[in-house]
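One structure is given below, encoded as structure tokens.
The values are calculated or read from the model by the stated rules, or taken from the named source; none is laboratory data. Since the structure is predicted, the reported quantities are computational estimates derived from the model, not experimental observations. Cβ placement follows ideal geometry from the backbone for every residue including glycine, while neighbour counts extend to all protein chains displayed.
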Ligand SMILES: Cc1cc2nc3c(=O)[nH]c(=O)nc-3n(C[C@H](O)[C@H](O)[C@H](O)COP(=O)(O)OP(=O)(O)OC[C@H]3O[C@@H](n4cnc5c(N)ncnc54)[C@H](O)[C@@H]3O)c2cc1C
């Protein structure tokens, strides 16, 4: 029997940072319009960056939830969880689920995130090979480890954010881990050489083996179906039982492709987060949105950007014109105790950029400037004031007069010219500064909303 068509004024595909932010923004503006969220994951929205903590057994699902358990009910949001949206009919305004259900929408949001990139190498389908982008991946690895005990040796292919994050979780579980990174240094897209060196030193001291300049050519097995080792691209063998593929994530474009919605590396959106179809919006890891440092649309797949883009999309879907200022790469990490924050352009492409840096007591601070504006930063060890530098970067503040202070050991809000810190603290320019105010600085970068 044909299933009936469900109607939704607002249909959101993706129940994560972007989707939830959009649903909240819509509800703020439209108290009654039907909102439906579809997700092929079975869980209420959770904080994806915390899946490493889940694997490390430091954070159960209840603590990972992005919103309280009654969020959907309280906001009158219908959910289709554990259901995949299979096909999008743009002309009829219908999304068909894998289960056969159909949903007719007035406004649609694609907040479908990304999919892990999986290389086509021999042995990739063996038991013991995993990707690491969702809670079910963490659960599957956890189950695998429980079965094998702690004698497992792991190869992590890829030394980016996801690879290093999962490595830390494995080490916390007592697993011997090796990172194989194709480029010459780990975390190479979000850190400069010095930052990567500090990270590599910290990981090595924690017992992680790091192999750079190589990749895995083959995953081998001499037991039926199970991993027993890998061969690097130079044929060097490394024994292991577990392989985690963490070479990157690409936008999940399947629903958009073939619909006429303009797609480049990600879905192309304007400042309102509208796609080339004015009734379809998109946000988060699946889009190329405005990057205020590069002045162009780019993939910036981080949680705070997905969230902000989602809010902008939601307001516009509810008929309230809103523009996205733009985001940029922004990361705050703490692997094996080393705090690092980076943002924007960390590896300037040519000499037209000015680089100012400082090293002291195992700390490292660097800012990248272009025409007197901060366009990139790397802070390692002491990241407490990185939020101040990021806000100068975001607000496009001319820093020429006090640029050296930005990397100084004692840098604080008080290092800025008086009119600036007053404006940042919301104080009038009276000329009198109570000493306590100096301590009221923005908190360090916090990922999330
Ligand atoms: C391990 C890991 C660590 C990370 N750490 C950080 C960090 O420290 N800081 C940071 O800022 N960012 C981090 N990120 C990135 C951050 O999680 C993402 O930027 C953010 O989750 C993007 O949100 P989103 O809403 O765009 O998409 P996603 O969070 O990817 O969610 C998309 C959802 O849509 C669902 N979906 C897709 N297609 C369909 C379909 N056809 N039918 C039904 N459902 C569908 C997906 O299953 C998924 O649930 C990390 C990511 C990973 C994987």
Give just the number: which of (1) modelled with pLDDT under 95; (2) farther than 28 Å from residue 338 by Cα does residue 174 not satisfy?
(2)
Can you confirm whether residue 336 is surrounded by 16 or more Cβ atoms within 10 Å (Cβ to Cβ) and within 24 Å of residue 206 (Cβ to Cβ)?
yes
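Matching residues to (1) within 22 Å of residue 287 (Cα to Cα); (2) more than 16 Å from the ligand (Cβ to nearest atom); (3) modelled with pLDDT under 95; (4) over 19 Å from the mean Cα position of the chain (by Cα):
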position	(1), (2), (3), (4)
9	no, yes, no, yes
19	yes, no, no, no
30	no, yes, no, yes
34	no, yes, no, yes
37	yes, no, no, yes
Qualifying residue in segment 221-238 (condition: within 14 Å of the ligand (Cβ to nearest atom) and crowded, with 19+ Cβ neighbours inside 10 Å):
no
Scan segment 141-170 for residues that are part of a helix (DSSP H, G or I) and touching a strand residue (DSSP E or B) at 6+ places or on another chain (Cβ under 6 Å) and jot them down.
141, 163, 164, 166, 167, 168, 170
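Residue-wise test of (1) within 14 Å of the ligand (Cβ to nearest atom); (2) at pLDDT 95 or above; (3) more than 14 Å from residue 16 (Cβ to Cβ).
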{"position": "50", "(1), (2), (3)": "yes, yes, no"}
{"position": "53", "(1), (2), (3)": "yes, yes, yes"}
{"position": "57", "(1), (2), (3)": "no, yes, yes"}
{"position": "69", "(1), (2), (3)": "no, no, yes"}
{"position": "74", "(1), (2), (3)": "no, yes, yes"}
{"position": "87", "(1), (2), (3)": "yes, yes, yes"}
{"position": "90", "(1), (2), (3)": "no, yes, yes"}
{"position": "96", "(1), (2), (3)": "yes, yes, yes"}
{"position": "102", "(1), (2), (3)": "yes, yes, yes"}
Hey, residue 212 closer than 30 Å to residue 10 by Cβ and in contact (Cβ under 8 Å) with a residue 12 or more places away in the chain or not
no
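Quick check: is even one residue across segment 244-258 over 28 Å from residue 141 (Cα atoms) and without any contact (Cβ under 8 Å) to a residue 40 or more places away in the chain?
The first filter runs over segment 244-258 and keeps only residues over 28 Å from residue 141 (Cα atoms), leaving 255-258.
Narrowing further to those that are without any contact (Cβ under 8 Å) to a residue 40 or more places away in the chain: 257-258.
There is at least one residue in segment 244-258 that is over 28 Å from residue 141 (Cα atoms) and without any contact (Cβ under 8 Å) to a residue 40 or more places away in the chain.
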For segment 126-140, which positions are part of a loop (DSSP other than H, G, I, E, B), touching a helix residue (DSSP H, G or I) at 6+ places or on another chain (Cβ under 8 Å) and under 26 Å from residue 237 (Cβ atoms)?
128, 132
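So which residues in segment 103-123 are over 27 Å from the mean Cα position of the chain (by Cα) and surrounded by fewer than 17 Cβ atoms within 10 Å (Cβ to Cβ)?
Our first condition is that a residue be over 27 Å from the mean Cα position of the chain (by Cα); within segment 103-123, this holds for 103-106, 122-123.
Scanning segment 103-123 gives 104, 106, 122.
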All helices (runs of 4 or more DSSP H) inside segment 1-95 with 2 or more residues being closer than 19 Å to residue 305 by Cα:
17-29
Yes or no: residue 256 crowded, with 19+ Cβ neighbours inside 10 Å and under 18 Å from the mean Cα position of the chain (by Cα)?
no
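Matching residues to (1) surrounded by fewer than 24 Cβ atoms within 10 Å (Cβ to Cβ); (2) closer than 23 Å to residue 118 by Cβ:
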| residue | (1), (2) |
| --- | --- |
| 158 | no, yes |
| 161 | yes, yes |
| 171 | yes, no |
| 183 | yes, yes |
Listed by range, strands (runs of 3 or more DSSP E) wholly within segment 260-360 having at least 1 residues that are at positive phi and within 15 Å of the ligand (Cβ to nearest atom) are 338-344
